[in-house]
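I have placed the structure first, in the form of structure tokens, so that the comments after it can refer back to it.
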Ligand SMILES: Cc1cc2nc3c(=O)[nH]c(=O)nc-3n(C[C@H](O)[C@H](O)[C@H](O)COP(=O)(O)OP(=O)(O)OC[C@H]3O[C@@H](n4cnc5c(N)ncnc54)[C@H](O)[C@@H]3O)c2cc1C
């Protein structure tokens, strides 16, 4: 399918694909096994100018949008959905600054992220604040020229590896979610440490950790937007980055599909390649249909967002749900096509099945996304 | 430091197919790539430039389509690319190729160092680098695996040999040919790829570089290829398992039965 990408977008996609094939695919199984964080791959992305594709030009980026980010995530995820998350998680941590940072904050943080010198992370989730993000308990209290942070964030992608963290904390408990504020916290700030690194089912090359704040003092200039805007910062950021999760799912599915097709042509049973059995052919056809539909929805949603649209929670949720459910189905079917070999760690598809699962869970579970979509639908129809 | 890197287009396959009648390589339908050894030459050129400043120019002699391969070298960070392309260059052997390249280097001018891959994967002669040096009257070192020092008018490098390496010093300008041990070539960067897209690839004819056409192409080539073939390897081999002592014992037994004179 021709998606009429611009010359520049085509170049980004090809370059990311080249990096995925030459640098990521050969190490994907090993990094998964060892849970090794891909600093070396991030260095390659940095040298290739890919780290800043979604960052405005005036801050050292390429000036692209969500589509450019998604193209990179998709291609990297084709080779490894965990390694790609070092890049995608940085996007998640950076968008609050792009969207709500003032010029000084952007000048200070974006160029280093664009050049790949620094990674970022986004901290919202806590033990008691998952789907119900309003349950955030971490507090930030203004004391002179500083905010003092206390609390623990849980399951933060790039936690411990990133240099720049955007964190949501409560500045006024009596106001509930309207009492949340978003802050930039730098690694190395006294009182800011990292808890345990999680041992996960999939995306094992990604690092997921606790962020621990114990009387952590940050300059008040690190407040993003205004006090009380934290929940909005988080929601607007996630609306924009969900297509990134969708792209990750899309890439994982594409990679699994390619393995399945390749294998089906080589594997001989009953004297013929298994690709000659209609049962296998139909699985492959269904995979291809779902992946293409998923890609069309992801790219179009990205374009819609990049066009300057104001409200796109529904579309963003739709593409995340569709692409992640597709990835789960396609990767499970890929294991089926490979049979017992598909279940073995020496073959790449069992990992893809494990990696796919997270895309249905994070940045809002698919149940929560369906809630969002339904709510928007009901709103739209009540206007008519 | 002004550096010229010589680049050749080769078929992207190990099984080079030959036209039996003309004894030339069949290039149709085969993906064209940059000679893999030249990619190390490009990388080394870029690294020296990053260290000393200056320019890196990629130079190739070939058919007009080679311009696109040269464009990809700009994507890696090469500043400028020059393609020597003219009917007069067709059918060149290594001598005529070195002659044309030397005239190209003359026209580029002010060159401190020329880097070539140790050989091309299609012809495998390893002759063009040294011949080019001779044509230019420059010193040269082949099989360079490391540049220890490079500065104005001076280079010291390690030349790989079968059982180690030699340290060679030369005045500049000079020619070196490099082996794959010298570095790990980079991938292109987006900014350079964009520059490459817009870049003008200079195409120079024999007249542009003031080449004597009698020394170019088929006319200037004393080598005539009579016959080419891919050698068939039909050696039967057997791996002997076990620890060193066992292996030695089994090997000795084998050799005894083969009626070769065995020492000791
Ligand atoms: C590997 C990994 C990386 C992560 N990275 C980050 C990160 O970088 N930053 C960050 O802030 N967070 C991160 N998270 C957290 C992630 O976003 C949350 O796990 C997710 O939002 C779900 O929250 P929960 O796990 O607490 O599930 P819960 O909210 O406890 O949900 C449990 C189940 O109940 C369902 N459910 C809950 N409420 C409803 C409802 N109202 N209607 C219907 N169903 C409902 C859910 O769909 C789910 O099936 C990460 C999580 C993981 C596992």
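The values are calculated or read from the model by the stated rules, or taken from the named source; none is laboratory data. These figures come from a predicted structure and were not determined experimentally. When we count neighbours, we look across all protein chains shown, and the Cβ atoms used for this are built from the backbone with ideal geometry, even at glycine.
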Please name all residue pairs, on different chains or six or more residues apart, with Cβ atoms under 7 Å, provided the first residue is in the range A:115-133 and is assigned by TED's automatic domain parsing to the domain that holds residue A:195 and more than 15 Å from residue A:95 (Cα to Cα) and the second residue is near the ligand (Cβ under 10 Å from one of its atoms) and part of a loop (DSSP other than H, G, I, E, B). A:126/A:136; A:129/A:136; A:131/A:365; A:133/A:124
Given the condition under 27 Å from residue A:264 (Cα atoms), crowded, with 23+ Cβ neighbours inside 10 Å and within 16 Å of the ligand (Cβ to nearest atom), answer yes or no: does some residue in the range A:328-350 qualify? no
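Every residue, every condition in (1) more than 14 Å from chain B (Cβ to nearest Cβ); (2) under 16 Å from the mean Cα position of the chain (by Cα), yes or no:
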site	(1), (2)
A:14	no, no
A:20	no, no
A:48	no, no
A:51	no, yes
A:60	no, no
A:81	yes, yes
A:93	yes, yes
Just checking, how many residues over the range B:193-217 are closer than 25 Å to residue A:62 by Cβ and in contact with a helix residue (DSSP H, G or I) (Cβ under 9 Å, 6 or more places away or on another chain)? 7
Just to be sure, is residue A:236 surrounded by fewer than 24 Cβ atoms within 10 Å (Cβ to Cβ) and modelled with pLDDT under 95? no
Those residues of the range B:121-150 which are assigned to a strand (DSSP E or B) and in contact with a strand residue (DSSP E or B) (Cβ under 7 Å, 6 or more places away or on another chain) amount to B:140, B:141, B:142, B:143, B:144, B:145, B:146, B:147, B:148, B:149
Hey, can you tell me all the residues within the range B:171-211 that are more than 18 Å from residue B:45 (Cβ to Cβ), more than 14 Å from chain A (Cβ to nearest Cβ) and out of contact with any strand residue (DSSP E or B) (no Cβ under 7 Å at 6 or more places or on another chain)? B:200, B:205, B:206, B:207, B:208, B:210, B:211
Can you tell me which condition residue B:225 does not meet? The list is (1) in a strand (DSSP E or B); (2) surrounded by 13 or more Cβ atoms within 10 Å (Cβ to Cβ), and all the others hold. (1)
Would the range A:266-284 turn up any residue that is modelled with pLDDT of 95 or more and under 27 Å from the mean Cα position of the chain (by Cα)? yes
Restricting attention to the range B:161-190, which residues are within 15 Å of residue B:115 (Cβ to Cβ) and either over 18 Å from the mean Cα position of the chain (by Cα) or part of a strand (DSSP E or B) (or both)? B:168, B:170, B:172, B:173, B:174, B:175, B:176, B:177, B:178
Qualifying residues in the range A:23-46 (those that are without any contact (Cβ under 8 Å) to a residue 24 or more places away in the chain and within 14 Å of another protein chain (Cβ to nearest Cβ)) - the one farthest from residue B:190 (Cα to Cα): A:26
Return a yes/no flag: does the range A:315-327 have any residue that is within 16 Å of the ligand (Cβ to nearest atom), under 23 Å from the mean Cα position of the chain (by Cα) and closer than 21 Å to residue A:263 by Cβ. yes
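Residue-wise test of (1) at pLDDT 95 or above; (2) surrounded by 13 or more Cβ atoms within 10 Å (Cβ to Cβ); (3) more than 15 Å from the ligand (Cβ to nearest atom).
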residue: A:352; (1), (2), (3): yes, yes, yes
residue: A:356; (1), (2), (3): yes, yes, no
residue: A:359; (1), (2), (3): yes, yes, no
residue: A:363; (1), (2), (3): yes, yes, no
residue: A:366; (1), (2), (3): yes, yes, no
residue: A:369; (1), (2), (3): yes, yes, no
residue: A:375; (1), (2), (3): yes, yes, no
residue: A:380; (1), (2), (3): no, no, yes
residue: A:383; (1), (2), (3): no, no, yes
Given the condition more than 26 Å from residue A:209 (Cα to Cα) and in a helix (DSSP H, G or I), answer yes or no: does some residue in the range A:71-83 qualify? yes
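Please enumerate the residues belonging to the range A:64-90 that are closer than 19 Å to residue A:352 by Cα and within 16 Å of the ligand (Cβ to nearest atom).
Here is the first cut: in the range A:64-90, the residues closer than 19 Å to residue A:352 by Cα are A:70-89.
A:73, A:77, A:80, A:81, A:82, A:83, A:84, A:85, A:86, A:87, A:88, A:89 - these are the residues of the range A:64-90 that are closer than 19 Å to residue A:352 by Cα and within 16 Å of the ligand (Cβ to nearest atom).
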